[in-house]
Amino acid sequence: MEPNNVDGREIGRETAPGKGSNRVFSIEDGGTVARNSATEDEKTAAWKKFLKHLGPGFLVSLAYLDPGNLETDLQAGANHKYELLWVILIGLAFALIIQSLAANLGVTTGKHLAELCKAEYPMFVKYCLWLLAEAAVIAADIPEVIGTAFALNILFKIPVWAGVLMTGCSTLLLLGLQRFGVRKLELLVSVLVFILAGCYFGEMSYVKPPASEVMKGLFVPRLKGNGATADAIALLGALIMPHNLFLHSALVLSRKTPASVKGINSACRYFFIESGIALFVALLINIAVVSVSGTVCYANNLSSEEANQCGNLTLDSASFLLKNVLGKSSSIVYAIALLASGQSSAITGTYAGQYIMQGFLDLKMKRWLRNLMTRSIAITPSLIVSIIGGSSGAGRLIIIASMILSFELPFSLIPLLKFSSSRTKMGPHKNSIYIIIASWILGSGIIGINIYYLSTGFVGWIIHSSLPKAATVFIGMLVFPLMAAYIVSVIYLVFRKDKTITFIDTSNTTEIQLEKGMTHSNRDRENEAVPYREDLADIPLPE
């Protein structure tokens, strides 16, 4: 909080004994009046302060509405009706917790997650984490590339493989629109994305999925039927993206936070509220997509053609789900919204890749070059699969990319959980015991599911493989060590003790200085807002 001057009397801070909060007091008489006035000003300006913190959470939430989410939601509904809705609920509840932890980490330490990983881990581990984070950005970009290609195919009948090549041009278009202001661009893209949401909400009101079954799907965990575990992991991978943790911890550094316990706590609270609102909207949209897909594909009056489409549902064939609401125009509106979804998600991927590279390697790259490089790498597997397997192959690649993200999640999640719970990193702002327990239980559950699926899936493939016995043995000898390395790496990150101290407690020094009588200018310097990071000053968000 900034020091004030009321009627010529200097106002400073007082730290309550044994507590981290700061109170306003007067060196001369009239301290009570100053406190009351300050309290009224804080209440009046609370909504303005909240508005200043809007931005990072909503920008990050775009990643929860990307083509990868739509693809996995549609297939989950078509394959299992409402039975996997609980995965979305748990996934987005967990996403709210970890995204808030990422925001708190950036606000408190003044560094984002990639920078803290660089400072904490040995060189070999640091480079491994960097490569995995870069791979996560590329895996997240694959659905955006394919989703854009599907949209172009629906709108202009362009072959999917040609649409994949054309997505490189969308990078230049995106950068051109940024000249008019990224906030305006984000608003436009968000409106287009919510067109898709409105379509599915309208379709929900038409098909009327049974409320009791939807609620049962949300709150009763089930994994029945073939492929249920794989689809559940794909849903989690599409919802909780590793690069989002790096991104959120960096975006909050574009705000000027007062260098006091109260200022930091207020900023963390505002970012939590903002993230909660944004992710609640994302939750409703994901539930709507799954419910519509499940209701339409399990309807009694389903035609044979629609039944075939439900059996192999992809982004490019899903527009028939909306025909009850939009009729013949359903494919056009759906394609425009899908195009907007892919392009809006490209913003988050570009920024995340920039901060990952800057944090791990201290290497800054221009956004247009970073975006073009990431897209070029993502285009390669998408192009090969779309040429060989067509639309259905490209749709399966989205599911594979989501599963890759889920497998890579521990290598960003574990450092975040450890750093945000560490007094050496966060000081008095470290996680409470309840948050520590809840986050580690959820994190351990996801990691355990990944390891279980990885192990049982590969063993099952080995047993039922149709390859020659020599080839099967060779693949087993190659893959089993990789599986063991994966498990050992996770164990290493969990049990390794943090060694680097980034938090410096200055509360005692401040109290001593106040007791000795600081000058007004000294108090100004002590209480001034922490300047936002110079190297992150190009984040296109309002201060």
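The values are calculated or read from the model by the stated rules, or taken from the named source; none is laboratory data. Since the model is a prediction, treat every value here as computed from it, not as a measurement. All Cβ positions, even for glycine, are placed from backbone atoms using ideal geometry, and neighbour counts span all protein chains on display. Heads up: the accessible areas ignore ligands, DNA and RNA and are worked out on the full protein's heavy atoms, side chains in. Shrake-Rupley method; radii C 1.70, N 1.55, O 1.52, S 1.80 Å.
Brief remarks follow.
- Among the listed pairs 52/262; 118/497; 256/497; 52/126; 49/418; 262/497, those beyond 27 Å (Cα-Cα): 256/497; 52/126; 49/418; 262/497
- Nearest-10 value in Å² for the accessible area of residue 270, using the 1.4 Å probe: 30 Å²
- Each label was represented as a point 7 Å from its Cα along the Cα-to-Cβ direction; for residue 303 and residue 376 these points are 4.6 nm apart.
- Backbone HN-Hα couplings from phi across region 439-449 [Karplus 6.51/-1.76/1.60, Hz, Gly and Pro as x]: 5, 6, 5, 5, x, 5, x, 5, 5, x, 4
- Per residue Cα convex hull volume in Å³ - calculated over region 447-500: 69 Å³
- In order along region 75-92, the Karplus-derived 3J(HN,Hα) couplings, from 6.51 cos²θ - 1.76 cosθ + 1.60 at θ = phi - 60°, round to 6, 4, x, 5, 8, 10, 6, 9, 5, 9, 4, 4, 5, 5, 4, 5, x, 6 Hz, and Gly and Pro are given as x.
- Cleavage-rule hits, trypsin sites (Lys or Arg not before Pro), region 198-290, DSSP coil, Cβ neighbours within 10 Å at most 12: 224
- Trypsin sites (Lys or Arg not before Pro) restricted to DSSP loop in region 69-176 with at most 15 other C-beta within 10 Å: 157
- Karplus 3J(HN,Hα) series, Hz, for region 141-157 with 6.51 cos²θ - 1.76 cosθ + 1.60 (x for Gly, Pro): 7, 4, x, 5, 5, 5, x, 5, 5, 4, 4, 5, 5, 5, 6, 10, 6
- Loop-located chymotrypsin sites (Phe, Trp or Tyr not before Pro) in region 309-364 (DSSP state other than H, G, I, E, B) with a sparse environment of at most 16 neighbouring Cβ atoms within 10 Å are absent.
- Proximity of backbone amide H atoms, modeled 1.01 Å from N, is registered between residue 257 and 530 at under 5 Å, excluding neighbours fewer than 5 places apart on the same chain.
- Surface per residue (accessible, 1.4 Å probe) for region 46-509, Å²: 41 Å²
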